[in-house]
Amino acid sequence: MSIEEKNFDVVILGGGPAGLSAAMYAARGAVSVAIIDISMFGGQPSNYLEIENYPAFPLIQGFELAEKLEEHADKFGVEKYPMQEIQSVDLTSNPKVITTFEYKFNAKSVIIATGAQSKKLGVKGEDEYRGRGVSYCAVCDAAFYTGKVVAVVGGGNAAVEEACYLTRFAEKVYLIHRRNELRADKIVQQRAFENKKLEFIWDSGVKEILGEDTVKKLIIENYKTGNISELKVDGIFPYIGFTPNVENINGQVEQDANGFIITNNLMQTSVDGVFAIGDVRNTPLRQVVTAVADGAIASVNAVKYIETVSEQKNFVKNL
């Protein structure tokens, strides 16, 4: 099977809120734009039941917001390539090259919006029971735990919001947090503390996940006392942060110790013509609103970069 070659001014890697926003703004800059994703478009919001902190939408379902973002990008004629398994990415060549099983994309500028994935606990039994009691998506799997007992690990907004969501199905939800106070927004904390089906296990972490065919119990360590205990549960949902999706990019741009891509305030990376946005970059806040803002900033500057390079080539040509 031959690979079809495609040429674009801007190629965006990732079809979440950051990537879709970037696609809109780049297309408005009158350049050719393609957006590639390894799955369908929408990104992480597609896995959230409700979002209540996106401006102008006091409450909106995650998949609905994702659909609206994609529809908006469609208005500007952005070329979309979903379900593309990326084989290689060369950000240092000219043009830059992204290769999938079906296409070879040549780009003057690349915007990396590949996002991040849930960080693993890294404990014994986690991989063994994934899909059999270990889940990283409450919206996807909550219904399987109707009338059962589950645990959520974490203390940020995602952990607390998903723990509250799970109480709609589960008989009991434990929230295990390594500190003695939550990091979630105060309004989110208040709802959690008022939820009678939610119980907190402070200053603690999971040492091991045990089960038979499915998860049966957790081994819990209290970090202050050193006490080890067992907690009977039917499922566990880790929400302890994210790791960047940079498998095909590692080493080509400057990254921090955790692998997140380092950018300046224009979303530029250490490589000319390459930008990074959203959860994949080193940012103090990972929210939909910051992701779409990143996308706008990156695309405006990607268009400027393309115009500048074009002007330089024309100048040299006319000498």
Subject >> Charge dipole magnitude, Cβ of K and R +1, D and E -1 - the chain, Cα centre, debye nearest 20 >> reply: 560 debye
Subject >> Among beta bridges that DSSP assigns inside the chain, antiparallel share in %, nearest 5 >> reply: 45 percent
Original post:
Reachable lysines from Lys96, Cα under 16 Å, same-chain residues fewer than 8 places away excluded?
Top reply: Lys6, Lys104, Lys108
Original post:
Relative contact order for region 120-238 using alpha-carbon pairs under 8 Å, separation at least 6, rounded to a whole percent?
Top reply: 31 percent
Original post:
What ratio of Cα Rg to 2.2 N^0.38 Å holds for region 120-238?
Top reply: 0.97
Original post:
Which net charge results when you count Lys and Arg as +1 and Asp and Glu as -1 among the other residues whose beta-carbon is under 11 Å from that of Glu208?
Top reply: -1
Original post:
Could you state the number of Å between the C-alpha centres of region 133-147 and region 208-228?
Top reply: 19 Å
Subject >> Loop-exposed chymotrypsin sites (Phe, Trp or Tyr not before Pro) per DSSP, neighbour cap 15 Cβ within 10 angstrom, longest uninterrupted part of the chain >> reply: 102-222
Original post:
Taking the Cα centre of the chain as the origin and placing charges on Cβ (Lys, Arg +1; Asp, Glu -1), which of Val152, Ala192, Tyr129 is farthest toward the positive end of the dipole?
Top reply: Ala192
**OP:** Using only the Cα atoms of region 1-128, build the gyration tensor, take square roots of its eigenvalues as a ≥ b ≥ c, and label the shape rounded, prolate or oblate: rounded if a/c is under 1.5, else prolate if a/b is larger than b/c, else oblate.
**Re:** oblate
Subject >> Reachable lysines from Lys186, criterion Cα separation under 18 angstrom, eight or more residues apart if same chain >> reply: Lys196
Subject >> Computed lengthening from Phe200 to Arg132, 0.36 nm per intervening residue step minus Cα-Cα distance >> reply: 22.1 nm
Original post:
If the cut-off is a Cα-Cα distance under 14 Å, which aspartates and glutamates reach Lys304, setting aside same-chain residues fewer than 8 apart in sequence?
Top reply: Asp9, Asp272
Subject >> Qualifying GluC sites (Glu not before Pro) for region 215-319 [loop in DSSP, other Cβ within 10 Å: at most 15] >> reply: Glu247, Glu254
Subject >> Total formal charge among the other residues, if their Cβ is under 12 angstrom from that of Ile86, Lys/Arg +1 and Asp/Glu -1 >> reply: -4
Subject >> region 128-196 - Rg and Dmax from Cα coordinates, angstrom >> reply: 11.7, 36
Original post:
Considering only DSSP states other than H, G, I, E and B, which GluC sites (Glu not before Pro) in region 1-70 qualify as loop sites with at most 16 other Cβ atoms within 10 Å?
Top reply: Glu52
Original post:
Just the Cα atoms of the chain, one point each, no solvent: what log10 I(q)/I(0) does Debye give at q = 0.10, 0.11, 0.12, 0.15 Å⁻¹?
Top reply: -0.63, -0.74, -0.85, -1.16
Original post:
For Glu162, what charge total do you get from the other residues with a beta carbon under 13 Å from its beta carbon, if Lys and Arg give +1 and Asp and Glu give -1?
Top reply: -1
Subject >> Sites Glu230 and Asn264 - FRET efficiency at Förster radius 51 Å, r taken between beta-carbons, to 0.05 >> reply: 0.55
Original post:
Is any residue of region 211-255 close enough, with backbone N under 14 Å, to a label point placed 7 angstrom from the Cα of Ile38 along the Cα-Cβ axis, and if so, which?
Top reply: 243-250
Original post:
Using Cα pairs under 8 angstrom and six or more residues apart, how large is the relative contact order of the chain, in percent?
Top reply: 20 percent
Original post:
In the chain, which Cys residues have no partner Cys with a Cβ closer than 4.7 Å?
Top reply: Cys164
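Here, each number is a calculation from the coordinates, and none is a lab measurement. Predicted model only: the values in this text are computed from it and were never measured. With ideal geometry, Cβ positions are generated from the backbone for all residues, glycine too; neighbour counts draw on all protein chains shown.
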